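The values are calculated or read from the model by the stated rules, or taken from the named source; none is laboratory data. The structure presented is a predicted model; accordingly, all values stated were derived computationally and were not measured. Cβ coordinates were reconstructed from backbone atoms using ideal geometry, including for glycine residues, and neighbour counts include every protein chain displayed.
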């Protein structure tokens, strides 16, 4: 019953983004990571962009956010009307190649390996030869005393939270790994991978 209430609450994009900002300390560490690892002036595809929170880091004329949720895309279009957003299944991206950056943040822990590989394959097809993929994904909490983080992971709808090493083994099937590390953003622990073709 509690899970049902949480799922219903998070279905509302406005409520979802407020709660995530609180729990993730307004995404400060995530935003710093994006700024450090990607070319913010380059063309960017934000896969599973959700409510579009990271679009403001990028050049608005070269940004495209895609998500399977029409509700989240409509929210992003209203909030960031200078940016481009489209409803799209990330496992079947039909776009022309040529993106400098691909950002994938917080979606792969919802997917089984087969679906993950389809998204990575889609990303590879549209990435420029010298482009970069930045992936940030939820991992089990490393902090011994992080009860809030552990509770949130328990009720997260993502049932495929992997260790950084498990993510890395999957990414290697499609990309070369430039670097990897972990960050803590609010109560959330993330695995960070920077990839290239």
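If you check residue 139 against the conditions, is it modelled with pLDDT under 95 and out of contact with any strand residue (DSSP E or B) (no Cβ under 7 Å at 6 or more places or on another chain)? No; evaluated as a whole, the condition is false for this residue.
Applying the set (1) modelled with pLDDT of 95 or more; (2) surrounded by fewer than 17 Cβ atoms within 10 Å (Cβ to Cβ) to residue 55 leaves exactly one unmet item: (2). Of all residue pairs spaced 6 or more apart or on separate chains, none has beta-carbon atoms under 6 Å together with a first member in region 126-140 that is on the phi > 0 side of the Ramachandran plot and surrounded by 22 or more Cβ atoms within 10 Å (Cβ to Cβ) and a second member that is in a strand (DSSP E or B) and modelled with pLDDT of 95 or more. Scanning region 50-68 for residues that are without any contact (Cβ under 8 Å) to a residue 40 or more places away in the chain and in contact with a helix residue (DSSP H, G or I) (Cβ under 8 Å, 6 or more places away or on another chain) gives 51, 52, 53, 55, 57, 63, 65, 66, 67, 68.
Of all residues in region 85-100, those satisfying the criterion of being without any contact (Cβ under 8 Å) to a residue 24 or more places away in the chain and in contact with a strand residue (DSSP E or B) (Cβ under 9 Å, 6 or more places away or on another chain) are 86, 87, 88, 89. Can you find a residue that is assigned to a helix (DSSP H, G or I) and surrounded by fewer than 20 Cβ atoms within 10 Å (Cβ to Cβ) anywhere in region 82-90? No; the residues of region 82-90 include none that is assigned to a helix (DSSP H, G or I) and surrounded by fewer than 20 Cβ atoms within 10 Å (Cβ to Cβ).
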